[in-house]
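This report refers to the structure that appears directly beneath it.
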Amino acid sequence: MKLFPVKTKIIKTGDDLVQVCLEALKAQDLSLEDNDVLAVASKAVSYSEGRLAKLSEVKPSQKAEAMAKKHSLRPEFAELILREADRIYGGVEKSVLTLKDGVLAPNAGIDSKNAPYDCVVLWPTDARKWALGFREEIKQRTDKRIAVLVVDSGLVPLRIGTSGLALAVAGFKPIRDFRKARDLYGKPIVITRLAVADDLASAAHLLMGEATEQAPMVLIKDAPVDFDDGAYDQRDMMMEPKECIFMGTFSRGLRGSK
């Protein structure tokens, strides 16, 4: 597998990301081929959708004021978390643990990093729909059948730092199920499923970076994935909380509120 960071101009609200992508690929002498995977940072998708909020235009509620004080947040930022989160579990300084679209995410996916002053970026409205449309538009303009992966930063409990998280996939299966397979010693595999999309998102995320890299896209060639014509989002990559080792174990202590 080969990965190429695609450096682009600074993406702004309303930009045509397909055009931005094709121009950047041409500038770097990179070409799209059938069964390539194009990973796109969720923040770039959000910019193209206009999913930015200006904090000075947000009026915080009393609940937001209380949450902000408890977790050392700006009240306007806390208000946006309350609006975007499906459930709030608690938090630490500067960060609140939430459930957003079936994903455990800090601050409901809202991020001030790489956003203009006084602004924050929200998660895309419908990452699956966007990935499907982006894939089709690439096909229309280049006649190449590629797959698309929308990538955000994610956290793993008790591990330092961010890794890649797949918000949506179009063109390959995001999960590989090993539960009917056997291991090296012939024993049946009982519970293991491979998070293919998240693994690929982490590889791309390493090249995208978190600061001034200006590489919101990564071209992936020869990816070991099962290509198809499906489109998937978090609902296709999540399990019920009671089945999750983290949520299932700590559910008594995590009494969520909204």
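Any read-out appearing in this document is the output of simple, stated calculations on the displayed coordinates, not a laboratory observation. Predicted model, so just to flag it, every value in this text is computed and none were measured. Positions of Cβ are backbone-derived with ideal geometry, glycine not excepted, and every protein chain shown enters the neighbour counts.
Give the residue from Pro188, Thr125, Gly102 lying farthest towards the positive end of the charge dipole for region 93-197; charges sit on Cβ (+1 for Lys and Arg, -1 for Asp and Glu) and the dipole is referred to the Cα centre. Towards the positive end, the residue furthest out is Pro188.
Taking a ≥ b ≥ c as the square roots of the Cα gyration tensor eigenvalues, region 138-252 comes out oblate, since a/c reaches at least 1.5 and a/b does not exceed b/c. When the helices of the chain are scored as -39500 (n - 2.57) per DSSP H run of n ≥ 4 and the total is divided over every residue, the value at 222 nm lands at -8500 deg cm²/dmol.
Using only Cα coordinates, the Kirkwood hydrodynamic radius of the chain works out to 19.4 Å. Computed from the Cβ-Cβ distance with R0 of 41 Å, the FRET efficiency linking Phe4 to Asp118 stands at 0.75. Listed from fewest to most Cβ neighbours within 10 Å, the set Tyr185, Tyr47 follows the order Tyr185, Tyr47. Modelled label positions at Val156 and Gln28, each set 7 Å beyond Cα in the direction of Cβ, lie 2.5 nm from each other.
Site pair Asp15 and Asp86 shows an inter-label distance of 3.0 nm when each label is modelled 7 Å from Cα along Cα→Cβ.
Charge tally for Lys221 (other residues, Cβ to Cβ under 13 Å; Lys, Arg +1; Asp, Glu -1): -2. Applying 0.36 nm per residue to the separation of Ile175 and Ser61 and subtracting their alpha-carbon distance, the gain on full extension is 37.0 nm.
Farthest toward the positive end of the dipole of the chain, out of His205, Met239, Val45, is the Cα of Met239, where the dipole comes from beta carbon charges about the Cα centre. Mind running the shape call on region 125-197? Use the C-alpha gyration tensor, a ≥ b ≥ c as the square roots of the eigenvalues: rounded below 1.5 for a/c, prolate if a/b tops b/c, oblate otherwise. Here region 125-197 falls in the oblate category. Taking amide hydrogens as placed 1.01 Å from N in the peptide plane, the amide H of Asp101 sits under 5 Å from those of Asp86, each at least 5 positions away in sequence or on another chain.
The overall shape of region 52-122 is oblate: from the C-alpha gyration tensor, with semi-axes ordered a ≥ b ≥ c, the ratio a/c is 1.5 or greater and a/b is no larger than b/c.
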